[in-house]
Amino acid sequence: QVQLVESGGGLVQAGGSLRLSCAASGRTFSSYTMGWFRQAPGKEREFVATISWYGDTTYYAASVKGRFTVSRDNAKNTVYLQMNSLKSGDTAVYYCAAAGGKSSTRRYEYNYWGQGTQVTVSS
C-alpha cells in the first residue's frame, strides 16, 4: 500500500516556474514507477511525465517536453515535477501516481493516486 500527497501547486504568471512534490508513504517507494498526470476542467486526465524505479529513465508528454523535469529522491520517498516556462494551457489539477510495473503513460497501469494539487497559470 502506498499513500501519496502532492504539494507545491499555486498561482503563477505565464513564463514562471513551480516545483511540485509528491511524498509517498511506505518502505518500498523505490520499487514503484512514478508518474505525473493532470486534469483540466472538462477534460480527461492526461499523462505528463513518468520516472523509473531508480530515476534512470524518464518520459514526457510532447506538450511538456523541454519545459518540465521529473525527478525522484528515494531516500526521501519523494518525486518532483519541476515546471518551467509555464503556459495558460498547463492550468490543471496535477496528480502523482505509483505503478508496480514499468514506466507507462497509461492511467490504468497506476495503482495508487494522490489527491491532486491545483496549478493555475495566468496569462
Below 8 Å between Cα atoms, with a sequence gap of 6+, how large is the relative contact order for segment 1-104 in percent? 36 percent
Considering only DSSP states other than H, G, I, E and B, which chymotrypsin sites (Phe, Trp or Tyr not before Pro) in segment 35-64 qualify as loop sites with at most 15 other Cβ atoms within 10 Å? Y54
What accessible area, in Å² to the nearest ten, does a 1.4 Å probe give for L4? 10 Å²
Across all directions of projection, what mean area in square nanometres is found for the Cα convex hull of the chain? 6.7 nm²
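Of the heavy-atom accessible surface of the chain (probe 1.4 angstrom), what whole percent is carbon and sulfur?
C and S fraction of accessible area: 47 percent.
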With the contact rule set at Cα under 8 Å and sequence spacing of 6 or more, what percent relative contact order holds for segment 46-110? 31 percent
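The values are calculated or read from the model by the stated rules, or taken from the named source; none is laboratory data. Given the structure is predicted, the values throughout are model-derived calculations rather than measurements. Neighbour counts are summed over all protein chains in view; Cβ atoms, including those assigned to glycine, are modelled from backbone coordinates with ideal geometry. SASA here: full protein model, heavy atoms, side chains in, ligands and nucleic acids out. Shrake-Rupley method; radii C 1.70, N 1.55, O 1.52, S 1.80 Å.
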